[in-house]
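Student: Just passing along the structure, written as structure tokens.
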Amino acid sequence: MALPEPVRVSPLIKTCRWSALIAGIYWGSYRYKVHKAAADERRAYEAKMKPIWDAEAAEKKNAANRKELIYLATATGTPIPKDF
């Protein structure tokens with residue numbers, strides 16, 4: 001069984017396809033630049049703020065740890081040092 005001959009595509013349709021492809025590549029490049037600029041700003045902000053956020057988290061963790069140790073000391077009757 002022989003396959004039928006493929007239909008020839010109109011030059012207008014070929015031109016439209018290539019135009020759409022090129023326009024899509026251009027649009028994607030433009031949007032990439034816009035999103036990259038915003039992402040770079042956010043990345044720089046997060047890099048600047050990370051030590052501050054880490055310090056705040058460590059401070060909260062130390063406060064919670066101290067509170068828990070004081071609770072355990074009072075629950076078990078262990079004297080709490082004055083400099084704690």
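The values are calculated or read from the model by the stated rules, or taken from the named source; none is laboratory data. Quick caveat: nothing in here was measured; it's all calculated off a predicted structure. Reconstructed Cβ throughout: ideal geometry from the backbone, glycine too, with neighbour counts over all protein chains shown. When the accessible area is computed, the model is the full protein with side chains, heavy atoms only, and any ligands, DNA or RNA have been set aside. Shrake-Rupley method; radii C 1.70, N 1.55, O 1.52, S 1.80 Å.
Student: Using the structure shown, decide if Thr78 is open to solvent by 80 Å² or more (accessible area, probe 1.4 Å) and modelled with pLDDT under 95.
Tutor: no
Student: Is it the case, given these coordinates, that Glu56 is open to solvent by less than 90 Å² (accessible area, probe 1.4 Å), in a helix (DSSP H, G or I) and not polar (S, T, N, Q)?
Tutor: So Glu56 does not fit the description; no.
Student: Kindly indicate whether Ala73 is small (Gly, Ala, Ser), in a helix (DSSP H, G or I) and modelled with pLDDT under 95.
Tutor: Spelling it out, Ala73 is indeed small (Gly, Ala, Ser), in a helix (DSSP H, G or I) and modelled with pLDDT under 95.
Student: Still on this model: Where the second residue is surrounded by fewer than 10 Cβ atoms within 10 Å (Cβ to Cβ) and aromatic (Phe, Trp, Tyr) and the first is in contact (Cβ under 8 Å) with a residue 60 or more places away in the chain and lies in region 65-80, which pairs have Cβ atoms under 7 Å and are six or more apart or on separate chains?
Tutor: From residues that are in contact (Cβ under 8 Å) with a residue 60 or more places away in the chain, there are no pairs.
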